[in-house]
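Structure first, commentary second.
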Number of protein chains: 2
Amino acid sequence: MNVFIVHAHPEPRSMNGAMTRTAVEELGARGHQVKVSDLHAMGFNPVMGAGDFDGFADGDFLKYQMEQERACTEDKLSADIAAEIEKCQWADLLILQFPISWFSVPGILKGWIDRVFVRGTFYGAGRTFERGGMQGKRAMLSLTTGGLPPMFSETGRFGGLYPLMFHLNYGSLRFVGYDVLDPFVVYGPARIGQDAREAYLDQWRTRLASVEDEAPIPYPLWDQFDENFQWLPGHEHALHTLRSPVASNSVMESAT
Amino acid sequence: MNVFIVHAHPEPRSMNGAMTRTAVEELGARGHQVKVSDLHAMGFNPVMGAGDFDGFADGDFLKYQMEQERACTEDKLSADIAAEIEKCQWADLLILQFPISWFSVPGILKGWIDRVFVRGTFYGAGRTFERGGMQGKRAMLSLTTGGLPPMFSETGRFGGLYPLMFHLNYGSLRFVGYDVLDPFVVYGPARIGQDAREAYLDQWRTRLASVEDEAPIPYPLWDQFDENFQWLPGHEHALHTLRSPVASNSVMESAT
């Protein structure tokens, strides 16, 4: 299996750093190929702009998604974007490794998604969700939080981790076709001791050992919707899969 | 009223550009003071990093939120961050103007939140939600989508716009104390004609005319939770306010 880890933490000695190193070791030991994009170390540019393309289709009026589509066809994407796309196409599994920041990915990783998940290669008219460009591949979030589990429980102050991750799991990864695995979550690494952090790293190794065989989140399919993108009768229950808690590595099972 | 618009679109001739210009005109005509941070034009840096602070508290180990807190107290934040914080403190109303990108804000705006909503001034231990640093101020999202309304309805493919905006409205703006107003949404400006776009700009003027008097989204309050951040008995219904559709400018009322 080919694995691509996109790593978004500025401090190598952080828990995120340890998680990426652990993944590289564990996956390598199991005979998998691993590539890492360490966004801070690379100085990755997370800002969408005119420089992402060689010329404009529409005069000098920047219509970003239109230009993405044209640039895919005509091979006119900037080199930094093309290199990341190549790694996505190479990989069977994409792992986004990051500290939750404002209940989402940090800006540098958000900008990576903005610039790399190009209209054309990743999705296009009708080619979304299970018909998306990354169909047949797997993806997962691996993240750390600032807060401890109770805040993130379904009955807690933040209303559940899963609804918070909805825009990433469903709106980004699944949207372009990935089979999305449950997130791996380390709660409050800054608030726990070294032993608890090591226990999390052991959990991470165990998780990675079987990641090829895991069942993805059972998101709805296009044939459950009508031509106006509305749920067909009898499939409304599928809405639950958009909002329900994660199945494994959930708040209750965490090591803290 | 002082209004601070954070504008995140690279193309001035876009609908987002028109919306910000409309807001500046309309609010100015009504005697309000307006400041705009045009993030692309400013070349705003959206990447959290060591350069955001003058020196580290903890040797050379970057613990970002800890450094934010210290830098607030000791006045050691980088000048670009300090300038944005000053505008937030000056403003009675914050407007984030952006095109939805992967069901969130673009990377440049995400990074603005990451770097500007500093631990210390904006929030801290116990000072979150209605106790946050921006309490008494208002904030709202003003955004454009790529897709048309049916996709964003509660019974549609994306499961509703409100759950998608949850990490911004509740997890970011409300978290630091803002009274959050319903988002203003322009659906698919690239797919509609100039008349429909003008109609949206008229709606935007009308909305801004009464924005001072609008009731904010009735999010839950700290006295509805126990010391373990769990909902107190009798308040579980408040969870609905986290997930329900927006009250005004909703999909069904849109101009398209």
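Taken together, the residues in the range B:112-152 that are touching a Leu at 6+ places or on another chain (Cβ under 8 Å), within 19 Å of B:ASP223 (Cβ to Cβ) and charged (D, E, K, R) amount to 1. I'd like the residue in the range A:158-178 that is assigned to a loop (DSSP other than H, G, I, E, B) and at pLDDT 85 or above and, out of all such residues, is surrounded by the fewest Cβ atoms within 10 Å (Cβ to Cβ). Going through the qualifying residues, I end up with A:GLY177. So, B:GLN68, is that one within 24 Å of B:MET165 (Cα to Cα), polar (S, T, N, Q) and touching a strand residue (DSSP E or B) at 6+ places or on another chain (Cβ under 6 Å) or not? Spelling it out, it is not the case that B:GLN68 is within 24 Å of B:MET165 (Cα to Cα), polar (S, T, N, Q) and touching a strand residue (DSSP E or B) at 6+ places or on another chain (Cβ under 6 Å).
Out of B:VAL3, B:VAL24, B:VAL47, I need the residue that is open to solvent by 10 Å² or more (accessible area, probe 1.4 Å), outside any helix (DSSP H, G or I), of a type in the set (A, V, I, L, M) and at pLDDT 95 or above. Which one?
The match here is B:VAL47.
A residue that is closer than 30 Å to A:LEU148 by Cβ and open to solvent by less than 10 Å² (accessible area, probe 1.4 Å) can be found somewhere in the range A:76-94.
Suppose we filter the range B:187-221 for residues that are open to solvent by 30 Å² or more (accessible area, probe 1.4 Å) and under 22 Å from the mean Cα position of the chain (by Cα); how many remain? Number satisfying all stated conditions: 13.
Could you identify the single residue in B:TRP102, B:TRP112 that is in contact with a Ser or Thr (Cβ under 7 Å, 6 or more places away or on another chain) and closer than 20 Å to B:ASN169 by Cβ?
Result: B:TRP102 is the single residue among B:TRP102, B:TRP112 that is in contact with a Ser or Thr (Cβ under 7 Å, 6 or more places away or on another chain) and closer than 20 Å to B:ASN169 by Cβ.
Number of residues in the range B:95-106 that are more than 7 Å from chain A (Cβ to nearest Cβ) and open to solvent by 10 Å² or more (accessible area, probe 1.4 Å): the value is 2. Selection within the range B:27-44: residues that are assigned to a loop (DSSP other than H, G, I, E, B) and touching a helix residue (DSSP H, G or I) at 6+ places or on another chain (Cβ under 8 Å). The member of this set that is nearest to B:ASP92 (Cα to Cα) is B:ARG30. Contact annotation: residue pairs with Cβ atoms under 8 Å, 6 or more positions apart or on different chains, pairing a residue in the range A:62-90 that is within 20 Å of B:PRO189 (Cβ to Cβ) with a partner that is of a type in the set (Phe, Trp, Tyr) and part of a loop (DSSP other than H, G, I, E, B), are A:LEU62/A:PHE56; A:GLU67/A:PHE56.
Checked against (1) aliphatic (A, V, I, L, M); (2) touching a strand residue (DSSP E or B) at 6+ places or on another chain (Cβ under 8 Å); (3) part of a loop (DSSP other than H, G, I, E, B); (4) modelled with pLDDT under 90, A:VAL211 passes all but a single condition, namely (4).
All told, A:GLN33 falls short of being open to solvent by 30 Å² or more (accessible area, probe 1.4 Å), in contact (Cβ under 8 Å) with a residue 12 or more places away in the chain and within 12 Å of chain B (Cβ to nearest Cβ).
Taken over the range A:7-21, the residue count meeting the criterion of being away from chain B (no Cβ under 13 Å) and not in a helix (DSSP H, G or I) is 1.
Residues are listed down the side, and each one gets a yes or a no for (1) within 16 Å of the chain's Cα centre (by Cα); (2) closer than 21 Å to B:VAL105 by Cα:
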residue: A:PRO99; (1), (2): yes, yes
residue: A:ALA139; (1), (2): yes, no
residue: A:MET151; (1), (2): no, no
residue: A:PRO163; (1), (2): yes, yes
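Can you pull out the residues in the range A:50-75 that are part of a loop (DSSP other than H, G, I, E, B), within 13 Å of another protein chain (Cβ to nearest Cβ) and open to solvent by 20 Å² or more (accessible area, probe 1.4 Å)? Residues satisfying the conditions are A:PHE56, A:ASP58, A:GLY59, A:ASP60, A:PHE61, A:LYS63. Which one is nearest to the other protein chains (Cβ to nearest Cβ) among residues in the range A:107-120 that are surrounded by 23 or more Cβ atoms within 10 Å (Cβ to Cβ) and more than 23 Å from B:ARG115 (Cβ to Cβ)? Only one residue tops the list, namely A:PHE117. The C-beta contact set for the range A:94-115 (first residue modelled with pLDDT under 95, second residue in a helix (DSSP H, G or I) and among the small types (Gly, Ala, Ser), distance under 9 angstrom, 6+ apart or interchain) comprises A:PHE103/B:GLY171; A:PHE103/B:SER172.
Considering the range A:121-140, the residues that are open to solvent by 10 Å² or more (accessible area, probe 1.4 Å) and assigned to a strand (DSSP E or B) include one that is farthest from the other protein chains (Cβ to nearest Cβ), namely A:ARG138.
The values are calculated or read from the model by the stated rules, or taken from the named source; none is laboratory data. As the structure is a prediction and not an experimental result, all values here were calculated from the model. As a convention, Cβ positions derive from the backbone with ideal geometry for all residues, glycine included, and neighbour counts pool all protein chains shown. Heads up: the accessible areas ignore ligands, DNA and RNA and are worked out on the full protein's heavy atoms, side chains in. Shrake-Rupley method; radii C 1.70, N 1.55, O 1.52, S 1.80 Å.
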